[in-house]
Amino acid sequence: MAFDQLDEHEQSEIVRKWMRDNVASIFVGIGLGLLVIFGYFQWQGHQARQRLMAANEFMSFGAAVGAKNETAAKATLERIQKEHAGSVYAVIAAMRWAEGAIARKDLAAAEQALQWAYDNAGNKAVKSLAGQNLARLKLGTDKAAEALTLIDSLPVEGYASIIAELRGDALLAQGKRDDARNAYQASIDALDPMAPNRQALEMKRDDLGGGNAVAAPAPTPAGAEKQSS
């Protein structure tokens, strides 16, 4: 018999019986649902607290760098890297530390910091930026092969022209002039026509000769103009 064919009393009795038989399952389900909601908000709160702590540590790091207190800056950087490795603050702090290390001519420390930034960056654009800086450093320390391998693995993320130029620099450092010229051309092709660095790139390309070079006219053989028809 269909449920809607029962009278009101019979319907209510069926409902009450179902409730009695399933009350434990109902309360367990409600409890689990509340635990999930509570856990979610707890996790969200924890994430927010972690972001705030990372931001505060980053400000302390910046203040130490500004005050040229290398000891305090390094200690703060290490703390951020240990406790907030997945945050963008840790990656940017490592890149900034590398910048200072380059200024101090401590290229080994700079390379270590940039490698950490590249390895730990979660955002593809930031990872690409860290990798570009690391590639430049490798090029500056005669590690062209390592630089090229790194360049070929970089996320593009809006950096197509810069990455192609870096590839050209790495290839040129290896003596591969034709390949370098092609890379510079690819960099130019990826640029906006009005980009301010377009002329500099064209000069780098043209310095390698090739496609855009104007061929000199062949000399006229001596006496050719005197030949009779």
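Assorted remarks:
- Residue-normalised accessible area of region 67-149, expressed per residue, 1.4 Å probe, Å²: 53
- Separation in nanometres of the label points that stand 7 Å from Cα toward Cβ, at Met53 and Glu78: 1.9
- Legend: P(r) of region 97-192 from all alpha carbon pair distances, 5 Å bins from 0, whole percents, reading 3, 16, 23, 23, 19, 11, 5, 0.
- Cβ-defined net charge surrounding Tyr184, 14 Å radius [Lys, Arg +1; Asp, Glu -1]: -1
- One chain, two ends: Lys68 and Gln199. Fully extended at 0.36 nm per residue, the span grows by 43.4 nm beyond their Cα-Cα distance.
- Whole-percent carbon and sulfur share, accessible surface of region 77-192, 1.4 Å: 50
- The label point for Asp178 and the one for Ala145, both projected 7 Å from the Cα toward the Cβ, are 2.2 nm apart.
- Cα-based shape type of region 40-162, given that a ≥ b ≥ c are square roots of the gyration tensor eigenvalues and the cut on a/c is 1.5: oblate
The values are calculated or read from the model by the stated rules, or taken from the named source; none is laboratory data. Just so it is clear, the model here is predicted, and its values are computed rather than measured. Quick reminder, even Gly has a Cβ in these numbers, built from the backbone with ideal geometry, and neighbours come from all protein chains shown. Please note that ligands, DNA and RNA were not included when accessible areas were found on the heavy atoms of the full protein model with its side chains. Shrake-Rupley method; radii C 1.70, N 1.55, O 1.52, S 1.80 Å.
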